[in-house]
Amino acid sequence: MARTVLSLTGPDRIDFLQDLVTNDIRQPGRLSWAALLTPQGKYLVDFFVAHDGERLLVDVDADLAPGLLQRLTLYRLRRKVVIEETDLTVSRGTGAAPEGALPDPRHPDLGWRRIDAEGTEDGTDWDALRVRLTVPESNVELVPDACYPLEMGFDRLNGVDFRKGCYVGQEVTARMKHKTELKKGLVTVEVEGEAPVGTPVEAGAKAVGTLFTQSGGRGLAWLRFDRAGRAMNAGPATISWDGPAVP
C-alpha cells in the first residue's frame, strides 16, 4: 500500500475541500472517505480526510497524489488555503486499534487507519477482505475518468453525502441516485481459474464488463446487469454471478 498524505492549512481549508468533494468532511474526530469527480460526474480520485488541529490531512493513493495536488491547486483560486505534500504515511489493520487510529468509514470489517510516520500493516489479506465486502481500490477497480461513483458502491460505502449541497459532479451523481436505476455496477462474482486484473468479461459474443481483483475463488467485477449471469468468461477464467445483491 503506497500512500501519500497531503496537508491543507489556512482559514478556508475546510470550506474549500467541502465545496469540491462527494462527502461531508467537516466533522473532527472521525475519518471521512470522499472522492473528487469530473464536472460530468466521473471518478477522478478518492481519499480519506482527517482533522489534525489546524490542518486537514488527506490520505491518497501515491500514484494519484500528484494529480490531486494539481487539481486542488487549480481550484484554490483566492481561497486562503495552503496545500502541501507531507512526509507522513498511513498504517492500517483489522485487529486492536492503536492510539490515534480511526475506524475505516467504509465498513466496520475494514478495521482502522492511522496517519503516522511508520506505515505499518498487521498482515490482513486486504484483497480477500475487499472481495468479500465488494470494496473497490484506487487505481485498480477505481480508474480515473472511467467509472461513476455510484456504480462502484460509494453510496453503500459511505462515500457520498446527498444532503451536503453542491460539489463538482453533484448534479450527475444526484440524478443517478434519485432518477435512474443503476444498470451497471461493481459486484462480487464466483471465479474458476484466474485472469489478469482488467480482463474483459464476456457472455457468448457479448461484452459484459471487466474482472478486477481475485481471491479465493471470488473476484470483483464491473458488470452490465442485463447481460450478466452464470455463463461468463474472462480470458481463461469462468465467471458466474447470481444477482445484484451486494453486502
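The values are calculated or read from the model by the stated rules, or taken from the named source; none is laboratory data. Only a predicted model underlies this, so the values are computations on that prediction, with no experimental measurement involved. Every residue, glycine as well, gets a Cβ built from its backbone with ideal geometry; the counts of neighbours run over all protein chains shown. These area figures cover heavy atoms from the full protein model, side chains too; ligands, DNA and RNA do not enter into them. Shrake-Rupley method; radii C 1.70, N 1.55, O 1.52, S 1.80 Å.
Of the residues making up segment 67-104, those that are of a type in the set (A, V, I, L, M), surrounded by 15 or more Cβ atoms within 10 Å (Cβ to Cβ) and touching a helix residue (DSSP H, G or I) at 6+ places or on another chain (Cβ under 9 Å) are Leu72, Val81, Ile83. Listed conditions (1) within 22 Å of the chain's Cα centre (by Cα); (2) at pLDDT 90 or above; (3) exposed (fewer than 12 other Cβ atoms within 10 Å of the Cβ) are all met by Pro200, apart from (3). Thr180 passes all but one of (1) in contact (Cβ under 8 Å) with a residue 24 or more places away in the chain; (2) of a type in the set (S, T, N, Q); (3) on the phi < 0 side of the Ramachandran plot; which number fails? Just one mismatch for Thr180, condition (1). In segment 25-51, the qualifying residues are those that are within 28 Å of Glu99 (Cα to Cα), under 12 Å from the mean Cα position of the chain (by Cα) and of a type outside the set (A, V, I, L, M), and the one that is surrounded by the most Cβ atoms within 10 Å (Cβ to Cβ) is Asp46. The lone criterion from (1) β-branched (Val, Ile, Thr); (2) under 26 Å from Pro108 (Cα atoms); (3) surrounded by fewer than 22 Cβ atoms within 10 Å (Cβ to Cβ) left unmet by Thr22 is number (3). Of all the criteria given as (1) in contact (Cβ under 8 Å) with a residue 60 or more places away in the chain; (2) open to solvent by 30 Å² or more (accessible area, probe 1.4 Å); (3) more than 24 Å from Met152 (Cβ to Cβ), the one not satisfied by Ile14 is (1).
If we scan segment 165-174, do we find a residue that is surrounded by 20 or more Cβ atoms within 10 Å (Cβ to Cβ), more than 18 Å from Gln40 (Cα to Cα) and among the small types (Gly, Ala, Ser)? Within segment 165-174, none of the residues are surrounded by 20 or more Cβ atoms within 10 Å (Cβ to Cβ), more than 18 Å from Gln40 (Cα to Cα) and among the small types (Gly, Ala, Ser). With the structure loaded, tell me whether Val5 is out of contact with any helix residue (DSSP H, G or I) (no Cβ under 7 Å at 6 or more places or on another chain) and of a type in the set (Val, Ile, Thr) or whether it fails that test. The answer is yes for Val5. Confirm whether Thr210 is over 22 Å from the mean Cα position of the chain (by Cα), open to solvent by 20 Å² or more (accessible area, probe 1.4 Å) and at negative phi. Judged against the criteria, Thr210 is not a match. Here the strands (runs of 3 or more DSSP E) wholly within segment 11-118 that include at least 1 residues being of a type in the set (A, V, I, L, M, F, W, C) and in contact with a His (Cβ under 9 Å, 6 or more places away or on another chain) are 55-61. The single residue among Glu190, Glu194, Glu181 that is assigned to a strand (DSSP E or B), over 28 Å from Leu68 (Cβ atoms), of a type in the set (D, E, K, R) and open to solvent by 30 Å² or more (accessible area, probe 1.4 Å) turns out to be Glu190.
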